[in-house]
Structures are given as C-alpha cells and as structure tokens.
1. How high is the relative contact order of the chain, in percent, counting Cα pairs under 8 Å that sit 6 or more residues apart?
2. Go ahead and estimate [θ] at 222 nm for the chain from helices alone: -39,500 (n - 2.57) per DSSP H run with n ≥ 4, summed, over the residue count, rounded to 500.
3. Averaging the inverse of every distinct alpha carbon separation and then flipping it gives the Kirkwood radius. What is it for the range 246-368, in angstrom units?
4. Apply the a/c threshold of 1.5 to the C-alpha gyration tensor of the chain and tell me whether it is rounded, prolate or oblate.
5. Evaluate the Kirkwood expression for the hydrodynamic radius of the range 1-147, namely the inverse of the mean inverse distance over all pairs of different C-alpha atoms, and round to one decimal in Å.
6. Please arrange Leu17, Leu353, Leu156 by counting, for each residue, the other beta carbons lying within 10 Å of its beta carbon, fewest first.
7. Quick one: which of Lys77/Lys135; Lys68/Lys326; Lys179/Lys223 span more than 22 angstrom between C-alpha atoms?
8. Kirkwood Rh, Cα Rg: Rg to Rh for the range 104-176?
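What follows is calculated from the coordinates using simple rules that are stated; it is not laboratory data. Because the structure is a prediction, the values reported are computed rather than measured. No Cβ is skipped: glycine too gets one built from the backbone with ideal geometry, and neighbour counts run over all protein chains shown.
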Amino acid sequence: MSYTLLAGGYRSSIATLAFDPAARTLTTTSDAHTPINPSWVERSASGFYAVSEDEKNGTVFSGVLGDKGVEVTSERKTHGGPCHVHVTKDGSGVVVANYVGGSVLYIPTNADGTLSATSESPVLSLPFPYDHVPKPNPTRQDSSHAHQVVEGAGGLLYVFDLGSDRVYHVARDGESGLKVVDWYQCSPGFGPRHGVVSPDGSILYVLGELGHAVTAFPVPGDKSSQPLFEPVGIIPPSVPEGYSEAMDAAEITLHPGDARTLYVSNRLELDASKMTPTLPPIEERQVGDAVAVIRLAEGGKAAEGVSFIRTNCDTIRALQVSRDGKYVAVAGQQNGLVEVYEIGGAEHDKWSLVATAEVERVTDFIWL
Ligand SMILES: O=C1O[C@H](COP(=O)(O)O)[C@@H](O)[C@H](O)[C@H]1O
C-alpha cells in the first residue's frame, strides 16, 4: 500500500509526496502554486483547506487534488494573520484562527467544498486579560494570539490563545457568528498553542509553546477547572538547563490507535546555544530536533513518563501520524528535510526511519 501526503509551509505552493513503504521511497510528485505561505493544511470530504499566512492580508482557501497536483477552488480573507483552519465536524464550514489579530471566524462552505463568498462571518476578537497589566512573557504575549481550533462534543470549539494563557470555549452564534462561552485557564506564561481531545472526549490535552510542557483539563470544564496533572516537560535531556528559553514547542498529537501515547514536537534545539550567548556553548551538537513521547496512565488522567526520539529534522512544526497509525511524517522547517518513520513498540514509542525527501520550509502535512 502506498500513501499520498500534502505538504504545506512557508512556500508559495503545496507539494504532494508519494510514500511507498515497500520500496522505502518518498517522492515529490507535484508542487503546485497556491496563495502564499500555505502553512496549515486540513483534510476535508471534498479535498482540503489551507490558510495563506500573511500578517496583513491573510486568507483561507479550499482546494482539490487534480492530475497536476493541488488546485485552488476558492479563497476568502480572514481579516488577520491566520495560522490554522479547522473543518467543523458537521461539515458545514471552517473556523480560522488568526494568530495576528487574536481572532477567530467561521465561514460556511458550499456543497462542493468551496467557501461561501457571501456569508457575514463576523470576526470574534478574543478577550485579552493582560491588557494594562504586566505580561508573563512580554515578547510573545503582547496581545491575544489564537493558534489552533479543536472541536469537542456538541460542536464546542476550543481556541488555544498563546497570548492570554487561555483556551477559550467558543460556540456558534447565529448563522455565521461565534461567541466566547467560557475558557480553561493555563498558568501564566504557559502559552497554549495546540491541543488534542482524548478519543472518549473526556480530556483536553494542551501544549504550552512557551512553557515547553503538556497539561490536561477535564471535559466538560470551565474557567475554574484545575489541570488533571502537573505539566509534563518536553525539553530533551540533551538541552542543559537555561537554554530552553530559546526553543519553541510546536505540535501535539495522539497516536490514533493508542489513547495513552502523545507525541509532541520541539523546535530550535540546534539554535539554542547560539541564541543563548550569555551561557557557554552546548558541547554536544545534535543532528536534529527531538520529539517527546508522553506515556499516559490508563484512562489518560495522569502521565507515567516521557521519552524522546531524535530526528534529523531542524525545527519540527509539521508532525502528523498516518490515519492507520503505522507511520509518522516530520519535517525540518529550517533544513528542508522530510522524514517518514515506521511506528513500533508496544507503546508506540519506537520509530524507525523508512524514507526521506527534501522539501523546503514545510510546516504541516495531511495524510490523504
Ligand atoms: O510570530 C508569528 O508566529 C505565528 C506562529 O508561527 P509559529 O512558527 O510559531 O507557528 C505566525 O503565524 C505569525 O505569522 C508570526 O507573526
């Protein structure tokens, strides 16, 4: 069986890659022009959606996979700088997170998957609790920064706001609006970036980009909910204390066949020494970033431990597991390397490299 991946990133195209596990090959089969910086791509019934990340003139677009690669079928402004698009489970539309602007909006879609060109789709600006007070991380938390939208039961949306240390609970409002109904409160400076709901819907795992850790909240829950466990750090032991400030966590995902295994990507370990000139250089040079594997206890409400897998990819923002749980694709945004590993081990914590390709500045994949 062979697989097709779409790879988006800080490029002006989306690439298609053919992965053949038997031949151990990963081949770029097309690289078709799209709106600039398709940094997040999301699978849909009709094809895919992607954001075009531009701080002033961001858009979201729909597309299909044709004979010569991806084809863009519609595009719409997001009124901010988008970084994530979510396809609603009811198939009625998409919700876009604007990192720049700190807002979200819902856009209905047509039967053929194209974006409505006429919906009102008012922009919901997220409340910013750190206005007029000292910010835990003044450089990164200058305002709200919506980073991802994940959907729970009953259409409730979780919006991870790196700027405000909150995971907003957002509901649909009228035909094409959205409203904040509650939130989970993370610790100051945690910087919630991405998250994932447990398969039984009872837990929301939250990755703190700035806190370099994973926490979890009970579902249902609200602003008074306490985390289920102490944050689990994801910085590998190869990074001596004091250097992790220069790094950023990026992606979190659960193994699709194992609710007890979380994969979490690190970025910028290779730059950590250079970016921390006040400390002596780190002696041991690594070849790429490490992915943290968090083993959860039965039921998912506690963490049992964390191990690390070393890759050859520098700056891993793209990390996606194949839908059958057999393979994982990671990309080095800075060194242009894409790697596909076979996932093994009883706890899905052993990865063996199967195939590689070179594609520049990849930040997200879809396994079709
Ligand atoms: O500062 C920014 O960061 C966000 C997120 O980028 P990431 O690499 O941390 O995912 C980006 O969307 C935005 O354009 C940029 O201004």
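1. Numbers: 1089 pairs, mean separation 42.1, N = 368.
Dividing the mean separation by the residue count of the chain yields 11 percent.
2. About 0 deg cm²/dmol.
3. 14.9 Å
4. On the way: a/c = 1.39, a/b = 1.05, b/c = 1.32.
Because its axes are fairly even, with a/c under 1.5, the chain counts as rounded.
5. 16.3 Å is the Kirkwood radius here.
6. By the 10 Å Cβ count, ascending: Leu353, Leu156, Leu17.
7. The pairs that break the limit, which is 22 Å between Cα atoms, are Lys77/Lys135; Lys68/Lys326.
8. Using Cα coordinates only, the ratio equals 1.06.
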